Amino acid sequence: DRAPDSGSAARFFYSAKANKKDRAGSNHPTVKPISLMKWLTRLVTPPGGLILEPFAGSGSTIQASVEQGFDCMAIEQSADYCVDIHNRMKAFANV
């Protein structure tokens, strides 16, 4: 008989933390795993839809969108993170 709140906190998470490949060299504090962002974008975006990303951060949502054929409009205020996004998408395009 287990108590209803027993078990590790990991049972509440869809995927693990972002790995080195997901981070794509970014130092952003909240990089999301690409697999998670693909799942979330598919969950809420119709085929051929447009994703609006108002806090682009490291660009993981942008990459997930592009990989699935969605259009994505992203906004980021930090010049440093814009460089990270540019580098991510440049590396992704060369894969």
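The values are calculated or read from the model by the stated rules, or taken from the named source; none is laboratory data. None of these values were measured; they are calculated from a predicted model. In case anyone asks, the SASA skips ligands and DNA or RNA and just uses the protein heavy atoms, side chains included. Shrake-Rupley method; radii C 1.70, N 1.55, O 1.52, S 1.80 Å.
Tabulated results
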quantity: Ranked order, MET37, MET73 - accessible area, probe 1.4 Å, largest first; calculated: MET73, MET37
quantity: Heavy-atom SASA rank of HIS28, HIS86 (probe 1.4 Å, accessible area, largest first); calculated: HIS86, HIS28
quantity: Accessible surface, 1.4 Å probe, highest first, among residues PHE55, PHE70, PHE92; calculated: PHE55, PHE92, PHE70
quantity: ILE51 - accessible surface, heavy atoms, 1.4 Å probe, Å² rounded to 10; calculated: 20 Å²
